[in-house]
Amino acid sequence: MKRIIDLITEELAEAFEQAGYDRAYAKVTLSNRPDLCEYQCNGAMAGAKAYKKAPLMIAEDVVSKLENSQCFEEVSAVKPGFINLKIKKEYVAEYLNQMLADEKMGLETAKEPQTIVVDYGGPNVAKPLHVGHLRSAIIGESIKRIARKMGHQVLGDIHLGDWGYQMGLIITELRIRKPDLPYFEEDHQGEYPEEAPFTIGELEEIYPTASSKAKEDEEYRKEALQATYLLQNGHKGYRAVWNHIMNVSVADLKKNYERLNVHFDLWKGEADAQAYIPDMIEWMKKDGYAHIDEGALVIDVQEETDTKDIPPCMIQKSDGASLYGTTDLATLIQREQDYKPARIIYVADKRQDLHFLQVFRAAKKTGIVPAKTELKFLGFGTMNGKDGKPFKTREGGVMRLENLIGEIEEEMYEKIAENRTVAEEEAKETAKIVGMSAIKYGDLSNQAAKDYVFDVDRFTSFEGNTGPYILYTIVRIKSILNKYQAGGKTAEGTRMDVVCNESEKALMLEAVKYNEVIETAFEELAPHKICAFIYDLANAFNRFYHETKILAEEDERKQKSYIALLVLTKQILENCINVLGFEAPERM
Ligand code: ARG
């Protein structure tokens with residue numbers, strides 16, 4: 001369906017034309033004086049110069065052509081030349097009825113669906129998942145769902161950090177602790193054990209221990225670097241250890257992401273890119289894209305129009321080791337070969353923006369991806385604690401993701417148990433669902449690029465701009481609809497027939513924005529716009545609810561219209577939270 005704002009603009013364009021003016025002046029926007037009107041058009045002011053006429057005269061000419069409009073209840077020209085518009089109730093109701101009848105609720109999905117890869121999550125294997133990776137998971141999952149809702153073919157790829165120095169560290173520490181394991185035998189013959197020589201708990205202890213040892217002990221560090229090198233160059237025993245690390249960690253990661261309701265289509269990682277690196281380096285040298293600079297192999301990516309220095313993209317260190325940029329370029333070769341995506345969206349910490357700029361330019365310059373492929377970096381800010389510093393545990397350590405989730409669930413459980421008489425079991429389940437909304441909405445309601453403060457008290461509140469408030473509103477609507485249906489009537493299939501009061505119309509005017517909001521959120525990769533929209537919608541609904549007797553309404557025609565509006569509002573809210581990555585409980 002066309003956006004309502006475009007339909008209104010068309011109506012105005014007709015009037016401009018009939019009055020002898022260019023249609024292009026007929027741009028309509030939401031009113032910035034909601035006390036006076038609902039929409040406005042400032043085109044008369046814009047046209048004044050061209051027509052050498054007072055803007056008010058133009059506005060009046062246009063208004064005179066709108067007298068019999070099907071669209072407006074009130075149209076007025078006001079000084080110095082605004083056209084104020086109030087839309088007809090029947091017109092809005094009809095638009096909403098069409099939304100109800102359409103399975104996409106008016107959304108214009110892509111005419112030519114694209115293949116889009118969303119690269120998000122990006123955890124580093126064997127290191128515990130911490131809150132830094134939370135943002136990437138939450139934002140990326142939402143971007144993936146929004147793109148899918150828009151009809152695209154979307155692949156979410158976790159892009160594991162599974163090939164770096166941390167692997168060398170773990171191998172080194174394991175070797176010191178258990179030197180007799182077959183992985184470390186010089187000339188081991190045959191198979192290696194199937195069972196991993198550590199549990200996830202041990203693994204999580206081994207990594208930080210090794211990492212701090214390496215910082216203090218130069219010998220140890222060199223050994224770890226050497227182990228990394230050997231692993232990357234095909235050492236059989238180390239590769240077997242690597243496989244164990246992967247199996248143990250990935251199982252744990254899956255559990256954690258599952259809990260976050262984050263699902264990846266592809267579990268590829270940096271290691272999968274290795275196979276493409278030697279060839280890539282070879283032809284980059286041969287074709288003259290890469291050259292040696294201070295011992296390292298680099299690709300120049302500076303462009304003439306740059307106002308600052310953009311350092312070259314490094315693809316091989318002097319010791320032959322590959323780098324972060326190397327794996328990202330090689331991964332692009334693999335993605336191009338396997339999926340030919342029209343677009344790839346990377347969701348990572350905004351401090352990586354130079355890295356992605358270099359990689360994107362190098363990829364385009366060398367033809368790894370065609371010029372038309374859109375490579376997009378969506379960088380996010382830091383999640384801070386109330387002290388304004390990166391979020392930490394009370395003891396000052398790095399907060400593990402599962403502990404953070406646990407803490408929120410605990411807080412939610414107390415709030416739910418406090419003023420309700422639900423069974424413990426149900427309260428626990430509900431706390432999980434509502435807790436997830438608190439975390440995700442708390443994050444997504446901020447513009448991704450901005451830092452934000454993770455405030456447990458605020459995020460878990462049932463009031464204000466929070467996930468629990470949105471869920472509370474949905475649950476309220478569900479409860480009204482259930483009561484309505486308990487009386488033997490059906491809510492499905494009702495239509496908006498009459499519009500009776502002011503708060504009802506205000507709610508309708510919010511609901512009509514659904515398609516525009518989702519489309520814009522996709523174009524701008526901006527889930528926060530969906531949050532802002534559902535907050536307004538929830539507010540409009542709650543105002544309507546407080547001012548209107550719905551279940552006690554005796555006029556059946558009125559009641560049916562209310563019910564239809566409730567059904568639609570619920571569907572909109574549910575669709576929106578679904579693309580944000582959380583869901584609503586039945587009761588709370
Ligand atoms: N593993 C990286 C990190 O923890 C994030 C990966 C982002 N994706 C990419 N293709 N580079 O910082």
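Using a 1.4 Å probe, what is the accessible area per residue for the chain, in Å²?
Details: 27640 Å² over 588 residues.
Accessible surface, normalised per residue, equals 47 Å².
From the Cα trace of the range 422-580, what convex hull volume per residue do you get, rounded to a whole Å³?
Dividing the Cα hull volume of the range 422-580 by its residues yields 122 Å³.
Extension gain for the segment Gln571 to Lys308, taken as residue separation times 0.36 nm less the Cα-Cα distance, is 89.8 nm to one decimal. Residue-wise HN-Hα couplings along the range 481-488, as the Karplus relation 6.51 cos²θ - 1.76 cosθ + 1.60 with θ = phi - 60° gives them from phi, are 5, 4, 5, 4, 6, 4, x, x Hz; Gly and Pro carry x.
The Kirkwood hydrodynamic radius of the range 248-333, based on inverse pair distances between different Cα atoms, is 15.2 Å.
Rounded to the nearest 10 square angstrom, His546 shows an accessible area of 130 square angstrom against a 1.4 Å probe. Legend: calculated FRET efficiency, Ala54 to Glu502, from the Cβ-Cβ distance at R0 = 41 Å, rounded to 0.05, equals 0.75.
Any idea what the dipole of the chain comes to, in debye rounded to 20, about its Cα centre with Lys/Arg Cβ at +1 and Asp/Glu Cβ at -1?
The dipole magnitude comes to about 1400 debye.
The fraction of accessible area contributed by carbon and sulfur in the chain is 48 percent, rounded to a whole number (1.4 Å probe; ligands and nucleic acids excluded). Placing a pseudo-label 7 Å from each Cα along the Cα-to-Cβ vector at Ser212 and Lys254 gives an inter-label distance of 3.3 nm.
Taking +1 at the Cβ of each Lys and Arg and -1 at the Cβ of each Asp and Glu, which of Leu203, Ile563, Tyr21 sits farthest along the dipole of the chain towards its positive end, judged by Cα position relative to the Cα centre? Result: Tyr21.
A simple spin-label model places pseudo-atoms 7 Å from Cα toward Cβ; at Asp455 and Gln352 they are separated by 3.0 nm.
Under a 5 Å amide H cut-off, with hydrogens placed 1.01 Å from N, Gly269 pairs with Leu160 among residues at least 5 apart or on other chains.
For the chain, the longest principal axis of the C-alpha atoms and the axis of helix 424-444 are separated by about 90°. Packing-based ranking of 442-452, 210-220, 323-333 yields 323-333, 442-452, 210-220, ordered from highest to lowest mean Cβ neighbour count within 10 Å. Taking each pair of different alpha-carbon atoms in the chain once, compute 1/r for the pair, average those values, and report the inverse of that mean as the Kirkwood hydrodynamic radius in Å to one decimal. By the Kirkwood definition, the hydrodynamic radius is 27.6 Å. From helices alone, the chain scores -17000 deg cm²/dmol at 222 nm; the rule is -39500 (n - 2.57) for each run of n ≥ 4 DSSP H residues, then divide by the residue total.
The values are calculated or read from the model by the stated rules, or taken from the named source; none is laboratory data. Predicted model only: the values in this text are computed from it and were never measured. Because the Cβ atoms are built from the backbone with ideal geometry, glycine has one as well, and the counts that use them run over all protein chains shown. Accessible surface is based on the protein model in full, side chains and every heavy atom, while ligands, DNA and RNA are left aside. Shrake-Rupley method; radii C 1.70, N 1.55, O 1.52, S 1.80 Å.
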